[in-house]
1. Is it fair to say residue A:241 is out of contact with any Lys or Arg (no Cβ under 6 Å at 6 or more places or on another chain) and either modelled with pLDDT of 90 or more or not polar (S, T, N, Q) (or both)?
2. Between A:115, A:141, which is open to solvent by 20 Å² or more (accessible area, probe 1.4 Å) and in contact with a helix residue (DSSP H, G or I) (Cβ under 8 Å, 6 or more places away or on another chain)?
3. Would you mind telling me which numbered condition in (1) under 25 Å from residue A:397 (Cβ atoms); (2) in a helix (DSSP H, G or I) residue A:300 fails?
4. Of all residues in region A:401-421, how many are open to solvent by less than 20 Å² (accessible area, probe 1.4 Å) and part of a loop (DSSP other than H, G, I, E, B)?
5. Select from region A:66-100 the residues that are near RNA strand B (Cβ under 7 Å from one of its atoms) and either within 25 Å of residue A:40 (Cβ to Cβ) or surrounded by fewer than 16 Cβ atoms within 10 Å (Cβ to Cβ) (or both) and list them in ascending order.
6. Restricting attention to region A:197-251, report how many residues are acidic (Asp, Glu), within 15 Å of RNA strand B (Cβ to nearest atom) and closer than 28 Å to residue A:184 by Cα.
7. Could you grab me the full set of residues in region A:10-45 that are surrounded by 13 or more Cβ atoms within 10 Å (Cβ to Cβ), closer than 30 Å to residue A:78 by Cα and more than 6 Å from RNA strand B (Cβ to nearest atom)?
8. Does any residue in region A:176-192 that is in a helix (DSSP H, G or I) come within less than 7 Å, Cβ to Cβ, of a residue that is open to solvent by 40 Å² or more (accessible area, probe 1.4 Å) and among the acidic types (Asp, Glu) six or more places away or on a different chain, and which pairs are these?
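The values are calculated or read from the model by the stated rules, or taken from the named source; none is laboratory data. Note that the coordinates shown come from a computational prediction; the quantities given were computed from them, not determined experimentally. Heads up, the Cβs are rebuilt from the backbone with ideal geometry, glycines too, and the neighbour counts pull from every protein chain shown. The accessibility values were calculated without ligands, DNA or RNA, using every heavy atom of the protein model including side chains. Shrake-Rupley method; radii C 1.70, N 1.55, O 1.52, S 1.80 Å.
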Amino acid sequence: MLQLAVLRNNPTEVKERLAVKNFKEPELVDQIISLDDSRKKLTFQFDETKGKINAASKEIGGLMARGQKEEAEGKKKEVEALKTTLGPVQEELEATEKQLNELLVRLPNLPSVKVPKGKTPEDNEVVRTGGSKPELYAGAVPHWELAKKFDLIDFELGNKLTGSGFPVYKGKGAKLQRALIQYFLEYNTQAGYTEYLPPHMVNEATAYGTGQLPDKEGQMYHVTGDNLYLIPTAEVPVTNIYRDVILKEADLPVKMTAYTPCFRREAGSYGKDVRGLNRVHQFDKVEVVQLVHPEKSYDVLEEMVSHVEKLIQSLGLHYRILRLCGGDMSFTSALTYDFEVYSAAQDKWLEVSSVSNFEAFQTNRMKIRFKDGNGKTQLAHSLNGSSLALPRILASLLENNQDENGIRLPQVLQGYFGGEMI
RNA sequence: GGUGAGGUGGAUGAGUGGCUGAAAUCAACGGUUUGCUAAACCGUCGUAGGGCCUUAAAGCUCUACCGAGGGUUCGAAUCCCUCCCUCACCGCCA
């Protein structure tokens, strides 16, 4: 959530920035500021009255100790009167704070100045394209057919065991999955990220911390018996590791990576884009997360983009990097780069990574802070990205590298996979 | 699932109604000393929100917080209730 101070300092600029995200209720900004004014007034009243009560109570203690019962009784009457005025003030204060918070969490993060205007994915800006477009083998087929032909993935079996969108990987398919996870984690840890293996279910507080709750609960699987949520991404448990922590400046940057399965209900999506591995309810992903000094977060964002780009290059895939427009960005992000790889047999671009700077939007909610050189406590910035999401990488690898002899794996994977060809 | 114990500041841990926002020790930070390190000594050392003052910072002051929420009381870390969590033992089990 946004910091109140930011709204108070530049309400006009905030509204302009929100407009880039096509935010429809700019009047919330003024409402929030006016609620904050009330909050301050009420806080003052409450603190004054409570202060008097505390002082009187202390006096009563002294009077009682000296046996001055009458005076003590008088003071008690005084306190009683003060308390009757305190009650309503307290109620109003609590109501104001609650309302203030409710409005504040409805404001999305402010997009950075680099964010292009626009409403739909068509308005995203292609930053650059890399790798070379593969020459398609004459007998090429889409990955779901390759998966069947080489017995790598059994979608039907997934239906039987669970439901649609829960593929079963088998034989070399399963092994390739494992090889990719291993390679990605290795690549990330080499770059200084500390590896974690977090829980795959989280409680409410954690889901709230990264912004899945209260709004996006429809996107998560909810285990109602224990009130836990299956994670939609490793970002959720991993970023929350530092919830309510005050770091030392020297601890920054904190770099973390984790492999987890990801569970997404994808409620409401169906039809053309859901074939094969294009969109599934459970998939594997390796994530990178950083907590950094606010002054460095945009440099780190570029560094992370470059990190992911090199990984994709090492797999020999044709890719492009998009800078998301205001209308296509997530609620929490200030600047997002999406990576898409070209999947030749489908002739489609598939999103395989999303790298974002959240600035202080997540850390404000999670209270992830650090003490700076002057001993002042301030919010860190958080960033994360996929490095990488597996299914679409797999789709692209299978489709692009097929020929009459089978499917040739990129060299970087061969060691992990234990072979060159499928 | 059963029984028992417990949740206090970065850690250990004292505190059973007012003098406790919280002892003590350790860690951390700053300094003195030292050829360097260590040791010793001195000092600092929770978070958040108001008010005063200020360009600002600093400073002064008040309020809230001792797992969460509610209650009793003039007054609660301390008493009562509910919930959550942790630990130990037993049972079950990968």
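1. yes
2. On the way: A:115 fails: open to solvent by 20 Å² or more (accessible area, probe 1.4 Å).
Answer to the check: A:141.
3. Answer for residue A:300: the failing condition is (1).
4. Initially, region A:401-421 is screened for residues open to solvent by less than 20 Å² (accessible area, probe 1.4 Å), giving A:402, A:406-407, A:409-410, A:413, A:417.
Filter again for part of a loop (DSSP other than H, G, I, E, B), leaving A:409-410.
Number satisfying all stated conditions: 2.
5. Answer for region A:66-100, where residues must be near RNA strand B (Cβ under 7 Å from one of its atoms) and either within 25 Å of residue A:40 (Cβ to Cβ) or surrounded by fewer than 16 Cβ atoms within 10 Å (Cβ to Cβ) (or both): A:76, A:80, A:83.
6. 1
7. Passing the criteria: A:38, A:39, A:41, A:42, A:45.
8. If the second residue must be open to solvent by 40 Å² or more (accessible area, probe 1.4 Å) and among the acidic types (Asp, Glu), the pairs left are A:185/A:195; A:189/A:195.
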